[in-house]
Amino acid sequence: MKVPFFDLRVQTQKIKDQLLRAIEEVVDDTGFILGPRVEQFEKLMAEFCRTRLAVGVASGTDALHLALLASGVGPGDEVITPPFSFIATAEAISYIGARPVFVDVDEGTFNINADLIEEKITSKTKAILPVHLYGQPADMSKIRRIAEKHSLKIVEDCAQSIGAKINDQIVGSLGDAGCFSFFPTKNLGCFGDGGMVVTSSQEIYQKVKMLRSHGGINRDDYEILGFNSRLDVLQAVILELKLKYLDEWTQARRKHAADYNNLLKGLPLATPFELKGSYCVYNQYTIKSSERDRLMEYLRSNDIGCMVYYPKSIHLQKIYQNQGSLPVSEKIQNEVLSLPIYPELTRLQIETVAGAIRKFYQK
Ligand SMILES: *Cc1c(COP(=O)(O)O)cnc(C)c1O
């Protein structure tokens, strides 16, 4: 049996009629940029994230970039962030002319090790940009304490973690701004690129709204240097429809993760580690194996999709070298392997993946 790493077809087919109807309404209406449909989805996202406000933007990368700018990060500032993430996390900092200062991650959760943050704080540090990697919330209570003590802003990278909670506190609402991506492979994905900044700060909200539309306060007055970074109406209506199913899809991901955990018990590999009280949304289900490359090849030769996120930590990328060694990130980049986890996987497919892994270790 073939198990693709990711497959949107079943999910999309199930709601295709509704999707086409929503798209048709926009086609007939011809209002393609901003307006009430985008505002409606912004309102729903703010409600979902338990923040007061939300602004739709063109991508998750732009959400990070604009949220950092709106939080007051400027050229020459330093922003503390983990090196074990997608490159966009650090890129967003560099776009501003600020410098990402990498703090190594925790080997169990893959998230920034909050105990190592304070030693990297300098007089130039302006913000902390934690990533809730793979759908697992970072240790926000510690991060918030540190931010408060040193008067730092917090911008959360929630691209992989929509709906993730820790002790009933939802990600995106735990800092000054929360940044989401609607790239098709995220837990809530659109049919192209899209992103969102959620916040309860009126100031950040106003600033991001200006920044996404050329820095204007209205059609004729431009007060700051802005960008063209809006969430399309077509994407907003698709997302509004899909948001209704998100909880159901998240529960399916969590069920699959629990099934994998059970089926992989006793093998010489590490299954995902959840912090106490944490509600992980499993954008990825990532195991660690000291024989990762051989295991990956074995699974692929058995028609089972699997991927490495991320084979090269950001601090080792050409544009970000010279920040010294970060031993945990450097170690786990050689051990992590993500298995198929999308909601529509069947029990039989999960058993197939787990069975193949078991067979690999028996050889
Ligand atoms: C996907 C992702 C982004 C960027 O989102 P885009 O919408 O692709 O720009 C940023 N950070 C993380 C952790 C991501 O996974």
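Numbers at a glance
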| item | result |
| --- | --- |
| Sorted peptide list for 332-338, 125-131, criterion being average Cβ within 10 angstrom, highest first | 125-131, 332-338 |
| Of all DSSP beta bridges in the chain, antiparallel share, percent nearest 5 | 60 |
| Cα pair count fraction exceeding 16 Å, expressed as % - segment 65-108 | 32 |
| Rg/Rg_ref, segment 277-338, where Rg_ref = 2.2 N^0.38 Å and atoms are Cα | 1.31 |
| Extended-chain gain in nm, criterion 0.36 nm per residue less alpha-carbon gap, residue 344 and residue 251 | 32.4 nm |
| Cross-link reach list, aspartates and glutamates versus residue 244, counting only Cα pairs under 17 Å and skipping chain neighbours closer than eight places | 17, 39, 42, 47, 344 |
| Choice from 199, 346, 185 showing the highest fluctuation, given a GNM over the chain with Cα pairs closer than 10 Å | 346 |
| Estimated inter-spin distance, residue 21 and residue 87, nm [label 7 Å along Cα→Cβ] | 4.2 |
| Mean separation of Cα contacts under 8 Å, 6 or more apart, over the residue count of segment 273-363: relative contact order % | 42 |
| Three semi-axes of the equivalent ellipsoid, segment 112-212, Cα gyration tensor, whole Å, largest first | 23, 17, 12 |
| Relative contact order (%) - the chain, alpha-carbon pairs under 8 angstrom, separation at least six | 22 |
| Cross-link reach list, lysines versus residue 288, counting only Cα pairs under 21 Å and skipping chain neighbours closer than eight places | 255, 265, 276, 312, 331, 359, 363 |
| Added length on full extension, which subtracts the Cα-Cα distance from 0.36 nm per residue, residue 222 to residue 291 | 19.3 nm |
| Whole-angstrom gap from segment 258-276 to segment 9-44, using each part's C-alpha centre | 38 |
| Ratio Rg/Rh [Cα only; Rh per Kirkwood] for the chain | 0.97 |
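Values in this text are rule-based calculations from the coordinates and carry no lab data. For clarity, every value in this text was computed on a predicted model and none was experimentally measured. Note that we place each Cβ from the backbone using ideal geometry, even for glycine, and neighbour counts take in every protein chain shown.
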